[in-house]
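K.L.:
Take this structure first; my questions come after.
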Amino acid sequence: MPATQLQNAIGSLRFNTAYLAYSLDRARKVPYQNFSVFIPQNNTDQILIVDSNRRTLASGTNLSEVRNFATHIDSYAYRSQYGNVKGNGTWKTLYNEGLRTVYYIDHSQTLMMRSESTIPCMTCGVVLPIRLMTVDHQRPQTGGDHEAVLKTLRMLGLTKEGPQGSKGRNLQQHLSTGVALTSVPTKLNRPPAPAPAPAPGQQVSPLTNRYSLNWRGVVFYSLMIAANAEADLANNCMNGLMNLAPLCSSCNSRRGNPLKLP
């Protein structure tokens, strides 16, 4: 596979070098003043989180795995042409695209049937030809960059708690174990999910943990910043498969899109 946009950025990083550490905590960028991300001598050695005295605080990934994360993000990214996600086979499978009968009435009032590629709206469930379906950003384009990044990194196992939605869990399992993709259920007649609550002894809600990086996520995010790829990461996640869903034009125009953690 040729090098991708984020992979090219990773190529600028140097071995045996410490870079400033950053996290996303409750979807907010947090600099770690006293911690650094240290890249060892080769691709397979563990990348370390170290303090100012180079004492190891955490580890858990290596540069080869970091490149794999970048490849997954880039391969699902549509950048400024996010509507082109409608041609992505994985996206179509997740959102139940299929050949179905579509009815037309011609100038003589004759009812005609055609088999076309169709897809349901995730909100109201109406089935339309895929060419007529709009594509919605699930995390808002204005102010939602960090949430979009976390939504994608969560699927890659880089947040404190994993995905809870059927799309994120299915795609995570598909990438990690090869399990077959299944369709995301629409919201039509779906009971509302209960509000997440902390587990016994847990100080923060599962939602907060889903929007906060774990140590492996800190390594990846810090290296994106060190490689001057923070903006590319945000763009690729905002306009990437994990953040894009099919909505009919009516639902898309009515849908509010607030931040999860304002």
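The values are calculated or read from the model by the stated rules, or taken from the named source; none is laboratory data. Bear in mind the structure is a predicted one, so any value in this text is a computation, not a measurement. All Cβ positions, even for glycine, are placed from backbone atoms using ideal geometry, and neighbour counts span all protein chains on display. Areas reflect the complete protein model, heavy atoms only, side chains present, ligands, DNA and RNA absent. Shrake-Rupley method; radii C 1.70, N 1.55, O 1.52, S 1.80 Å.
K.L.:
From ARG100, ARG26, which residue is within 21 Å of GLY157 (Cα to Cα) and charged (D, E, K, R)?
P.N.:
When all the criteria are applied, what remains is ARG26.
K.L.:
Now for a different question. Regarding VAL30, is this residue part of a strand (DSSP E or B), open to solvent by less than 60 Å² (accessible area, probe 1.4 Å) and without any contact (Cβ under 8 Å) to a residue 12 or more places away in the chain?
P.N.:
For VAL30, the condition - part of a strand (DSSP E or B), open to solvent by less than 60 Å² (accessible area, probe 1.4 Å) and without any contact (Cβ under 8 Å) to a residue 12 or more places away in the chain - is met.
K.L.:
Being of a type in the set (Gly, Ala, Ser) and surrounded by 13 or more Cβ atoms within 10 Å (Cβ to Cβ): is that true of SER117 here?
P.N.:
yes
K.L.:
Additional query: Given the options GLY143, GLY157, name the one that is closer than 15 Å to PHE220 by Cβ, over 10 Å from the mean Cα position of the chain (by Cα), of a type outside the set (Val, Ile, Thr) and in a loop (DSSP other than H, G, I, E, B).
P.N.:
Exactly one of GLY143, GLY157 is closer than 15 Å to PHE220 by Cβ, over 10 Å from the mean Cα position of the chain (by Cα), of a type outside the set (Val, Ile, Thr) and in a loop (DSSP other than H, G, I, E, B), namely GLY157.
K.L.:
Restricted to segment 211-259, and to residues that are charged (D, E, K, R) and modelled with pLDDT of 95 or more, which residue is surrounded by the most Cβ atoms within 10 Å (Cβ to Cβ)?
P.N.:
ARG216
Here is a yes/no grid of residues against (1) open to solvent by 20 Å² or more (accessible area, probe 1.4 Å); (2) touching a Leu at 6+ places or on another chain (Cβ under 9 Å); (3) farther than 27 Å from LEU175 by Cβ; (4) touching a residue at least 40 places away in the same chain (Cβ under 8 Å):
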| residue | (1), (2), (3), (4) |
| --- | --- |
| LEU94 | no, yes, no, yes |
| GLN109 | yes, no, yes, no |
| CYS121 | no, yes, no, yes |
| ILE130 | yes, no, no, yes |
| ASP136 | no, yes, no, yes |
| GLN141 | yes, no, no, yes |
| ALA148 | no, no, no, yes |
